[in-house]
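The values are calculated or read from the model by the stated rules, or taken from the named source; none is laboratory data. Fair warning: this is a prediction, and the values are worked out from it, not measured in the lab. Ideal geometry is used to build each Cβ from the backbone, glycine not excepted, and the neighbour counts take in all protein chains shown. SASA here: full protein model, heavy atoms, side chains in, ligands and nucleic acids out. Shrake-Rupley method; radii C 1.70, N 1.55, O 1.52, S 1.80 Å.
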Amino acid sequence: MNDNKVSEVTKTPRFILVLFFIQLFVFIFFLNKENKMDLEIFYILIPVTLLLTLSFLKVVFKKDNLEYQLFPIHIKPKKAYWNEMENIKIVKIDAISDFLGWGLRYSRKYGWGYILGNDNAVFITFKNGKKITFTIKNKENIISFLKDNNIPFNQ
């Protein structure tokens, strides 16, 4: 493993994509067949389905900062510097009970959450009181990176 950085890319959970495609299929074929098609709903379903299909979360842990990007919401990655952080925790979350779903979400406990598909997360509290949470796929790689770079964290 490269001690200078660790990258993770997470996509929307497959079952959510399947649900949206089923909904789109039902809408197009059944409602259209009965001439009850409401085009406004159709014009909303297509872009939402495409956004969910194309969205991804990229988190890059570097020696001096953390970069994160939730595409298509963030065109460029955002940076958070380790020296701005008060506490870093590796936590286990539940997308439904903690954030009420997936995507960019807010929780009183965890702050802004970038929640895509996994139940392991990095929860960060900044010195200014801001909180942010990122789901991660490979908890062991993140823990190893934080230890190797002497970045204090809790489990």
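Listing for the model above:
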{"read-out": "Matching option when the condition is surrounded by 15 or more Cβ atoms within 10 Å (Cβ to Cβ) and either within 19 Å of Ala80 (Cβ to Cβ) or under 17 Å from the mean Cα position of the chain (by Cα) (or both), among Asn150, Asn154, Asn141, Asn128", "value": "Asn141"}
{"read-out": "Pairs, first free of Cβ contacts under 8 Å to residues at least 60 places away in the same chain and in a loop (DSSP other than H, G, I, E, B) in region 49-73, second open to solvent by less than 30 Å² (accessible area, probe 1.4 Å) and polar (S, T, N, Q), C-beta under 9 Å, six or more apart", "value": "Pro72/Ser55; Ile73/Ser55"}
{"read-out": "Close pairs (9 angstrom Cβ cut-off, 6 or more residues apart or separate chains): under 14 Å from Ile132 (Cβ atoms) in region 97-114, open to solvent by 70 Å² or more (accessible area, probe 1.4 Å) and among the basic types (Lys, Arg) anywhere", "value": "Asp98/Arg105; Asp98/Lys109; Phe99/Arg105; Gly111/Lys130; Trp112/Arg105; Trp112/Lys130; Gly113/Arg105; Tyr114/Arg105"}
{"read-out": "Cβ-Cβ under 6 Å pairs, at least 6 apart or on other chains, region 11-28 side over 28 Å from Asn138 (Cα atoms) and open to solvent by less than 100 Å² (accessible area, probe 1.4 Å), far side at pLDDT 70 or above and of a type in the set (S, T, N, Q)", "value": "Leu24/Thr49"}
{"read-out": "Criterion violated by Ile90 - all others in (1) at pLDDT 90 or above; (2) aliphatic (A, V, I, L, M); (3) buried (at least 19 other Cβ atoms within 10 Å of the Cβ) satisfied", "value": "(3)"}
{"read-out": "Cβ pairs under 6 Å, 6+ apart, first in region 133-155 and farther than 14 Å from Val91 by Cα, second open to solvent by 20 Å² or more (accessible area, probe 1.4 Å)", "value": "Leu146/Phe153; Asp148/Asp3; Asn149/Lys63; Ile151/Trp82"}
{"read-out": "Within region 91-149, tally of residues that are under 27 Å from Asn4 (Cα atoms), in a strand (DSSP E or B) and hydroxyl-bearing (Ser, Thr, Tyr)", "value": "4"}
